[in-house]
Amino acid sequence: MPTQAPDPYYVAFIDEAGDPGLKNVRPIDPAGATEWLCLGAIVMRSELEPKTTDWVRAILSEAECERSDLHYRYLTAPQKRTALSEISRLPLRGFVLASNKKNMRRYRNVNAERVQSRQWFYNFCLRLLLERVTDFCFRHAKKERAKGRLLKIVYSERKTHSYSQTAAYQELLKIQAKNDALVLSKRRIRWEVLDWRLNEAVAHATCAGSQLADAVTSAFYQASDTLPPTKWNSEFAKLLDPIMAKENGACMDYGVALQPTPTWKAKLNDRQRQIFEYYGYKFWP
């Protein structure tokens, strides 16, 4: 008999922009997958989740947008400016993991192939995002001396993803963490704030929290991607500065995380560097 899910103290809405394809990657290949995969999250106390619908309605009204849902790609530039400014005033924290995939082109993960995992790169990027999100929740709950600290994760549903594979991958990481066998050790997922029963995937159009996560993630994607059809603009992502999570007073590699590391491996152009320099990154010739 399944056990009842515990009550969460936090909720994170996670969305993505770009795709995880690695076989052919633009601009190396004229016809290929996107150069970037951006995963983003907004985190808030779970008691605030019911307010997200009213927040989105107010944002749409302020932006003079006649749509019933907030979808970044359908907003005009002035509407984006208004929407992101309004989001920057909300009681939440934002996270973005931006992966430039040029150095990953045609990379094969042999271990993932053995278990027939078709989305290992997405899961890997999600891991990096969750390391930061769960660390924030763990530290925030400790600082507040909160009675609870569990985090509910709400994914914006994609037909191309298997969330059961994602759950299996996370269980593997949890086992490796217990055995002290993690391949990457700089950061770790704070399993203390996670419970497998507090995970769900929802349709974007029906979830206001996912729509807010879409706006945050897509703003950073627009600030990173300089290839058409994206109309590059770093202005909107900069407006989110007040809510992007900080570690020791800095967003770099926490609220805003760039992959690959070190930064020179990404071989970013001058426009791509702008948003990351704004959030504290340094690039050397």
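The values are calculated or read from the model by the stated rules, or taken from the named source; none is laboratory data. From a predicted model like this one, the values you see are computed outputs, not experimental measurements. All Cβ positions, even for glycine, are placed from backbone atoms using ideal geometry, and neighbour counts span all protein chains on display.
Answer yes or no: is there a residue in region 9-27 that is out of contact with any strand residue (DSSP E or B) (no Cβ under 6 Å at 6 or more places or on another chain) and without any contact (Cβ under 8 Å) to a residue 40 or more places away in the chain.
Within region 9-27, not a single residue is out of contact with any strand residue (DSSP E or B) (no Cβ under 6 Å at 6 or more places or on another chain) and without any contact (Cβ under 8 Å) to a residue 40 or more places away in the chain.
Consider only pairs whose beta carbons are under 6 Å apart and that are at least six residues apart or on different chains; among these, list those whose first residue lies in region 264-285 and is farther than 18 Å from Q222 by Cα and whose second residue is surrounded by 13 or more Cβ atoms within 10 Å (Cβ to Cβ) and among the basic types (K, R).
F283/R273
Tell me the residue from Y163, Y72 that is modelled with pLDDT under 95 and within 16 Å of the chain's Cα centre (by Cα), please.
Y163
Condition first: touching a Lys or Arg at 6+ places or on another chain (Cβ under 8 Å) and modelled with pLDDT of 95 or more. Now tell me which residues in region 248-281 satisfy that.
Y254, G255, A257, I275, Y278, Y281
Please work out which residue is surrounded by the fewest Cβ atoms within 10 Å (Cβ to Cβ), limiting yourself to region 120-150 and to residues that are among the charged types (D, E, K, R), free of Cβ contacts under 8 Å to residues at least 40 places away in the same chain and outside any loop (DSSP other than H, G, I, E, B).
K143
Being of a type outside the set (G, A, S) and surrounded by fewer than 23 Cβ atoms within 10 Å (Cβ to Cβ) is the filter; apply it to region 36-48 and report the residue that is nearest to N123 (Cα to Cα).
M44
Of all residues in region 84-108 being hydroxyl-bearing (S, T, Y) and in a loop (DSSP other than H, G, I, E, B), which is farthest from the chain's Cα centre (by Cα)?
Filtering first and then ranking leaves Y107.
For region 217-226, how many residues meet the condition of being in a helix (DSSP H, G or I) and in contact with a helix residue (DSSP H, G or I) (Cβ under 7 Å, 6 or more places away or on another chain)?
Total meeting the criteria: 6.
Taking region 67-90 on its own, how many of its residues are under 13 Å from L239 (Cβ atoms) and exposed (fewer than 12 other Cβ atoms within 10 Å of the Cβ)?
Result for region 67-90: 3.
Take the residues in region 227-272 that are touching a strand residue (DSSP E or B) at 6+ places or on another chain (Cβ under 6 Å) and assigned to a helix (DSSP H, G or I); name whichever of them is surrounded by the most Cβ atoms within 10 Å (Cβ to Cβ).
Ranking the qualifying residues of region 227-272, first place goes to A266.
Is there a residue in region 37-44 that is touching a helix residue (DSSP H, G or I) at 6+ places or on another chain (Cβ under 8 Å), in a helix (DSSP H, G or I) and modelled with pLDDT of 95 or more?
Scanning region 37-44 turns up no residue that is touching a helix residue (DSSP H, G or I) at 6+ places or on another chain (Cβ under 8 Å), in a helix (DSSP H, G or I) and modelled with pLDDT of 95 or more.
For region 49-59, enumerate the residues that are surrounded by fewer than 19 Cβ atoms within 10 Å (Cβ to Cβ) and over 24 Å from R127 (Cα atoms).
Matches in region 49-59: P50, K51, T53, D54, R57, A58.
What number of residues within region 33-64 satisfy the criterion of being in contact (Cβ under 8 Å) with a residue 60 or more places away in the chain, out of contact with any Gly (no Cβ under 6 Å at 6 or more places or on another chain) and farther than 17 Å from A208 by Cα?
2
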